[in-house]
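Heads up: the structure comes next, in structure tokens.
The values are calculated or read from the model by the stated rules, or taken from the named source; none is laboratory data. These numbers come from a predicted model, not from an experiment. Here the Cβ positions follow ideal geometry from the backbone for every residue, glycine too, while neighbour counts run over all protein chains shown. Side chains included, ligands, DNA and RNA excluded: accessible areas come from the protein's heavy atoms. Shrake-Rupley method; radii C 1.70, N 1.55, O 1.52, S 1.80 Å.
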Amino acid sequence: MAVVGQFSGGVVLGSSINTPALKASLADVLASFPFFAGRAYFADDGSLDVRYPQPGAAPGSADVSSTSATTSSTIAAGPPGPTDSGGTYGARFVAASTSATLAEVLAALQGGGRHAAVLQSPWGLVPGLMPPHDLDALVQGQWPLAGGLVLHLRGGGAVLWVGAHHGLADFESLQLLAGHWAAAYNTRLALVSGDSSGSAASGGAAAAGGKAGAAADVQGGGAGACHDYTALLPERLRRPFMDGEAVDALADWAPPAPGLPPRREVVEGGRWSGLSVTAKAVWHMMWRGGGVQARCLRVSGLRLAELKAQASQELAAEAKVGAEAAAGAGTGAGTGSSQDAAKPVEWISTNDALVGRLMQVLHSRVRLRRRHPVSCFMAVEMRRRQEPTGERVQLPAAQVGNLTYSARLEGLRPAEMSLGALAAAMRRELLYHVWPQFRGCLARTAAALTAVGPKGLVWGFCAERDLHENIFAPEGPLNLTCWDVDYSLWQFGPTPPLAFIPPSTELGPSVICIVPEPPSQRQGQGQQSGQQQGQGSQESKDRGSQGGKASCGVVLMMSMHNAVWKQLDAEGVDLATAI
């Protein structure tokens, strides 16, 4: 865990961005949302923590340097706190321009039907922008933990990336930062234009805050007073907070319940653990795997609906066969293990079906994987999860932090299983196992941190000996993460984003990031009438679809070993078509 880095997501905007207003609005957000303005430090007990200013500190700008093409700033969030020694708080802000046009960017993202170009985040292209992965270097250099980068396109339009350190944030936290930033920016635009109707604001909601001195505030780059922009956000997202103690209090120190699959998320490293993990990484990723490459695929909404329908039909058919067999035997139990029979699955999501199909295709079409069972991690956003008893988890939507866990499937042979069985296996993990395992993980991680500190922890899947369990190996576990992008939260300006750019170079081996495509322009306009920013995808969140409704497709950013891609290319396998 000594190497955790920054990740980011970007949006393509059809309207041009007012750079001074964008910079000033980021300062507005940091004044009331100071967690991303903080700096990492090691506490006396060796644990990693974040120090940040108190909410409400007056924003400003400092350390501005610029060239003809790029402007990089550190947006300050107020004076140092009483426990600091004069350190500077703030987030990184970068403005740049390119000769590429909006049409060219959109054409690249659209690609050729089922395939699209991989547009890399520019954070790593300019020296000094990307924070180091090494925690010691991150702390010693007092690097910013969050930032934004706007790329102005020739002829109008822009691409805007929002980034944060993964030790501090998950995607929902990143999206919360983007939502507050967009609301603050749209408020400033409305004040500058004198538009009291809020037509310049996202979601069609009325702009909030005072109207006097707006132009001076914008031109001053955030030197003026902060404006109340939170009226543009839904109530559940207006007051973000960070509370590590509340999360720690959820830890369950009791022994795992009978039937709960065991998990080993972290291990206590020894003197040579770092070298051992590095050697495994080099051997599997570079020597055997030939490095890692990301490719972008697209799955249509129609195909997603077909996959869900197929999986649901197969699940119902298998349940009927099991019930008939149980009735004939007089046992009253279904087919499968007794544990599975006690944990019924009656409904699966579109995302469950998509994950099952990905497992089937990669197991059957990748020769490196055919001889081995498949393990799969599915990132789970714990703010939405319920306990198996049906009680709601006490993790509010506005809580900031890395609050993700993962559902895990182990030892499967998906090529020999039905899509319904795979989707049901994933849904069973989400319904019955994720919450108690998450609480147990908090306890196990706390114990390991006490024993060896954060720099001595090793992720369990980095230390595994079996190829199908080691994350670095081409045969290793699949890591899937669904970014449930709420496009209304990413709306900087009067029109919704035209596209979302998922991470690419930040992804490790065998990682698949699933992102929903934006709704049509007509749907987006319908959402704007009478709705606040951030409410556009609440229906899908409540359904637990986690990655796209049937009405729109998804983008798959697939990061896999070059050895895997070479095998697929040599055999003429098109993953997009196979899926």
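How high is the FRET efficiency between A325 and E416 when r is their beta carbon distance and R₀ equals 25 Å, given to the nearest 0.05? Efficiency, rounded to the nearest 0.05: 0.80.
In this label model, K566 and F42 are separated by 4.0 nm, measuring between points 7 Å along each Cα→Cβ vector.
Modelled this way, with points 7 Å down the Cα-to-C-beta line, the labels at S99 and D574 are 3.3 nm from one another.
Between Q110 and L275, the contour length at 0.36 nm per residue exceeds the alpha carbon distance by 55.2 nm.
Once a ≥ b ≥ c are taken as the square roots of the eigenvalues of the Cα gyration tensor of the stretch 422-481, is the result rounded (a/c under 1.5), prolate (a/b larger than b/c) or oblate (a/b not larger than b/c)? The shape class here is oblate. Separation between the R239 and T88 pseudo-spin-labels, each 7 Å from Cα along Cα→Cβ, expressed in nm? It works out to 3.3 nm between the two label points. Here the accessible area is traced with a 1.4 Å probe on the protein chains. For the stretch 95-154, carbon and sulfur cover 58 percent of it. Probing with 1.4 Å while keeping every protein chain in the model, the per residue accessible area of the stretch 342-469 equals 38 Å².
The slack in the chain from T495 to S193, taken as 0.36 nm per residue of separation less the alpha-carbon distance, amounts to 107.2 nm. Cross-link reach is defined here as a Cα-Cα straight distance under 13 Å, omitting same-chain residues fewer than 8 places apart; for K566 the aspartates and glutamates meeting it are D574.
Note on the stretch 349-429: Cα convex hull, mean projected area over all directions, 6.2 nm². T19 contributes about 40 Å² of solvent-accessible surface, heavy atoms of the protein only, 1.4 Å probe. Classify the stretch 368-478: rounded, prolate or oblate, from the alpha-carbon gyration tensor (a ≥ b ≥ c, eigenvalue square roots; a/c under 1.5 rounded; otherwise prolate if a/b is larger than b/c)? Here the stretch 368-478 falls in the oblate category.
Round to a whole number: what % of the accessible area of the stretch 443-512 belongs to carbon and sulfur, probe 1.4 Å?
Numbers: 1220 of 2070 Å².
Ligands and nucleic acids excluded, carbon and sulfur reach 59 percent.
With a cut-off of at most 14 other beta carbons within 10 Å, and DSSP calling the residue loop, which trypsin sites (Lys or Arg not before Pro) in the stretch 347-438 qualify? Please list them.
Working: sites: R357, R365, R367, R369, R370, R371, R383, R384, R385, R392, R408, R427, R428; in loops: R371, R385.
In loop regions of the stretch 347-438 (DSSP not H, G, I, E or B), the sparsely surrounded trypsin sites (Lys or Arg not before Pro) are R371.
What is the ratio of the Cα radius of gyration of the stretch 262-330 to 2.2 N^0.38 Å, where N is its residue count, to two decimals?
Working: Rg = 23.1 Å, N = 69, 2.2 N^0.38 = 11.0 Å.
Rounded to two decimals, the normalised Rg is 2.10.
Partners of K343 within straight-line reach, counting aspartates and glutamates whose Cα lies under 12 Å from its Cα and excluding those fewer than 8 residues away in the same chain: E429. At an R0 of 60 angstrom, the distance between the Cβ atoms of D136 and A316 translates into a FRET efficiency of 0.65. Partners of K23 within straight-line reach, counting aspartates and glutamates whose Cα lies under 13 Å from its Cα and excluding those fewer than 8 residues away in the same chain: D217. On the beta carbon distance between W347 and A451, with R0 = 41 Å, the FRET formula returns roughly 0.50.
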